[in-house]
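For reference, the structure is listed below as structure tokens.
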Amino acid sequence: MDRTPARTTRTGIAEPIDRRSDVDTLWDNIEKLAAVCRAAGAHLPDEEVKALQVGKVAEKAGEAMHALHGLKGLTTCGDDHTVPEVQNDLVGAVIAALRAMHYINPTGARTTFDEILHHRTRRGREAAATA
């Protein structure tokens, strides 16, 4: 396991970040998908493509919310949904978010993701250490 140090912005203390091969594989796949999407949007200005990718995150999250409403019988259109459909839409939102991060900063998305994930999961790590 590669333990790359990262400086947290809140404390200024360097803490190790765990990097697993699964995360690298995920990012490799995101980069391949982004290349396909970038080619499809080659006729658009770069800033417009970035904005559209961020909008896609909201769209996919909205689909997950709609599926959850359907799971609970709360839709007016009679759509019934399942837990796997909600999960599928949530993964779609995650993929869209990672792809948007790649569009915004192709060379720094992985590092930025690692740093933010490390910072945002600190309380969970601390709680697990005291349990």
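Considering each residue of region 87-126, count those that are open to solvent by less than 80 Å² (accessible area, probe 1.4 Å), among the hydrophobic types (A, V, I, L, M, F, W, C) and over 18 Å from A64 (Cβ atoms), and give that number.
Summing the residues that are open to solvent by less than 80 Å² (accessible area, probe 1.4 Å), among the hydrophobic types (A, V, I, L, M, F, W, C) and over 18 Å from A64 (Cβ atoms) in region 87-126 gives 3.
Quick check on region 35-49. Is at least one of its residues open to solvent by 60 Å² or more (accessible area, probe 1.4 Å), out of contact with any Phe, Trp or Tyr (no Cβ under 7 Å at 6 or more places or on another chain), on the phi < 0 side of the Ramachandran plot and touching a residue at least 60 places away in the same chain (Cβ under 8 Å)?
Scanning region 35-49 turns up at least one residue that is open to solvent by 60 Å² or more (accessible area, probe 1.4 Å), out of contact with any Phe, Trp or Tyr (no Cβ under 7 Å at 6 or more places or on another chain), on the phi < 0 side of the Ramachandran plot and touching a residue at least 60 places away in the same chain (Cβ under 8 Å).
Of the conditions (1) surrounded by 10 or more Cβ atoms within 10 Å (Cβ to Cβ); (2) of a type outside the set (D, E); (3) on the phi < 0 side of the Ramachandran plot, G73 clears all except one; give me its number.
Exception for G73: condition (3).
Out of (1) in contact (Cβ under 8 Å) with a residue 12 or more places away in the chain; (2) within 28 Å of D24 (Cβ to Cβ), the odd one out for H66 is which?
Exception for H66: condition (2).
Any idea which residue in region 82-102 is farthest from the chain's Cα centre (by Cα), counting only those that are over 15 Å from D114 (Cα atoms) and free of Cβ contacts under 8 Å to residues at least 24 places away in the same chain?
T82
Taking the condition of being open to solvent by less than 70 Å² (accessible area, probe 1.4 Å) and either more than 30 Å from P106 (Cβ to Cβ) or of a type outside the set (A, V, I, L, M) (or both), how many residues in region 50-70 meet it?
10
The values are calculated or read from the model by the stated rules, or taken from the named source; none is laboratory data. Being a predicted model, the structure only gives us computed values, none of them experimental. As a convention, Cβ positions derive from the backbone with ideal geometry for all residues, glycine included, and neighbour counts pool all protein chains shown. Side chains are part of the model used for accessible areas, which takes the heavy atoms of the whole protein and leaves out ligands, DNA and RNA. Shrake-Rupley method; radii C 1.70, N 1.55, O 1.52, S 1.80 Å.
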